[in-house]
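Below is one structure, written out as structure tokens; the observations come after it.
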Amino acid sequence: SILSVPLDACLVANTKEELAEKLAHEKSLGKSSEYAPYVQMLPPDLDAFRDFPRFWSDERRDLLFGLDGGEVERRIATDERKELDPWAYACVSSRSNFLSDYRFSITPLLDFLNHDPLVETSATIENGVLNLSTNKNWKANEEVKISYGALSNIDTLCDYGFVMENNPYNFELLEIRFLGNPTVAVAVYPDGSVDKSAIYMLRENLATPEEQAMAAMSQGESLSALMKFAKPISDRNELDVYALLATTLDDAASTASSGADSGDTLVSTYLSGRASTLRMGIAKLLEKFPDLEY
């Protein structure tokens, strides 16, 4: 165990929103709060969270405009909580941990440990005490780190205000739009593989009427409409699907790379990571079709 903290010393709530309200209340109490010594150790104001995209200036947000498919802007909209104290919610989103009893906690000392995705981290609660362990033996004077979880770059950027180079858990999202058909959301995972459901949808969207009829007949009526395209339906269709994916990923990777020299290290690292993951996706597609034209 690297850390043991009594739950009585923690701020605990059922949701992050409730936890933010509790923290804001304790801060308002000043020195009369039983948590005052801990609250005084937290960042004093929003300036400490200036690397969180929801607190960026318009000029900094413009550095990403059109370069990441709108992912950060969508996340900013999702993270917005106008009813909450912005300082308290920023503290909670960046410092709280999830307990085994499905509650959220701000845990003194634990929240000062930095992130390393390769450190296996586990937590248990015994007799009202939260115990934290890692799979690593730490040396004297070595900085102890924990894993915050298998987080993508947009997670660490929006929730913690940093982006790692070569994040082993990064995945990227993008969209393929069709006239008259639903948009296909495509996820590219850390190993470069593409979400299977996206491939199924693309097979359906790019199938000729004859191929759609053939898929329905060969797969049977018991399957859902999407699952009828879980297997390739023709060589032509499969090549079209992979070519469209490769073209889309290549365009998105090139777009992200074009902003990687913005002069803003955080923005550049985020865009470089996106481009790298998307290029891994292209490499994965080429494993199946080495001579794919796109």
- Item | For CYS10: the one exception among (1) open to solvent by less than 60 Å² (accessible area, probe 1.4 Å); (2) under 20 Å from PRO86 (Cβ atoms) | (2)
- Query: So is THR156 at pLDDT 95 or above and among the polar types (S, T, N, Q) or not?
  - Reply: yes
- Message: Please count how many residues of the stretch 164-193 are surrounded by 15 or more Cβ atoms within 10 Å (Cβ to Cβ) and either in a helix (DSSP H, G or I) or of a type in the set (Asp, Glu) (or both).
- Response: 1
- Task: Filter the stretch 285-294 for residues that are among the charged types (D, E, K, R) and either open to solvent by less than 80 Å² (accessible area, probe 1.4 Å) or outside any helix (DSSP H, G or I) (or both) and give the result.
- Result: ASP291, GLU293
- Query: Of the residues in the stretch 255-275, how many are assigned to a helix (DSSP H, G or I), surrounded by fewer than 21 Cβ atoms within 10 Å (Cβ to Cβ) and out of contact with any helix residue (DSSP H, G or I) (no Cβ under 6 Å at 6 or more places or on another chain)?
  - Reply: 7
- What are the pairs, 6+ residues apart or on separate chains, where a residue within the stretch 200-214 that is closer than 17 Å to SER224 by Cβ and part of a helix (DSSP H, G or I) has its Cβ under 9 Å from a residue that is open to solvent by 50 Å² or more (accessible area, probe 1.4 Å) and polar (S, T, N, Q)? MET201/ASN181; GLU204/ASN181; GLU204/GLN212; ASN205/ASN181
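Take the conditions hydroxyl-bearing (Ser, Thr, Tyr) and surrounded by fewer than 19 Cβ atoms within 10 Å (Cβ to Cβ) and apply them to SER122. Does it pass?
On the way: hydroxyl-bearing (Ser, Thr, Tyr): yes; surrounded by fewer than 19 Cβ atoms within 10 Å (Cβ to Cβ): yes.
So SER122 fits the description; yes.
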- Message: Take SER276 and tell me if it is under 18 Å from MET164 (Cα atoms) and modelled with pLDDT of 95 or more.
- Response: yes
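Working only within the stretch 125-135, note down all residues that are more than 15 Å from SER147 (Cβ to Cβ) and in a strand (DSSP E or B).
Matches in the stretch 125-135: ILE125, GLU126, VAL129, LEU130, ASN131.
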- Message: Under 9 Å between Cβ atoms, which residue pairs at least 6 apart in sequence (or on different chains) link something in the stretch 232-246 that is free of Cβ contacts under 8 Å to residues at least 40 places away in the same chain and within 16 Å of PHE178 (Cα to Cα) with a partner that is outside any helix (DSSP H, G or I) and open to solvent by 50 Å² or more (accessible area, probe 1.4 Å)?
- Response: none
- Task: Hey, can you tell me all the residues within the stretch 194-213 that are surrounded by fewer than 16 Cβ atoms within 10 Å (Cβ to Cβ) and either closer than 21 Å to LEU151 by Cα or among the hydrophobic types (A, V, I, L, M, F, W, C) (or both)?
- Result: LYS196, ALA213
- Item | Hits in the stretch 42-73 (condition: open to solvent by 60 Å² or more (accessible area, probe 1.4 Å) and of a type in the set (Lys, Arg)) | ARG50, ARG61
- Of (1) under 18 Å from SER96 (Cβ atoms); (2) buried (at least 16 other Cβ atoms within 10 Å of the Cβ), ILE2 satisfies every one except (1)
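Scanning the stretch 219-254 for residues that are of a type in the set (D, E, K, R) and at pLDDT 90 or above, which turns out surrounded by the fewest Cβ atoms within 10 Å (Cβ to Cβ)?
ASP235
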- Item | Selected residue (criterion: least open to solvent (accessible area, probe 1.4 Å)) from residues of the stretch 14-41 that are within 13 Å of ILE106 (Cα to Cα) and in contact with a Lys or Arg (Cβ under 8 Å, 6 or more places away or on another chain) | ALA20
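The values are calculated or read from the model by the stated rules, or taken from the named source; none is laboratory data. If you're wondering where the values come from, they're calculated on a predicted model, not measured in any experiment. Every residue, glycine as well, gets a Cβ built from its backbone with ideal geometry; the counts of neighbours run over all protein chains shown. Areas reflect the complete protein model, heavy atoms only, side chains present, ligands, DNA and RNA absent. Shrake-Rupley method; radii C 1.70, N 1.55, O 1.52, S 1.80 Å.
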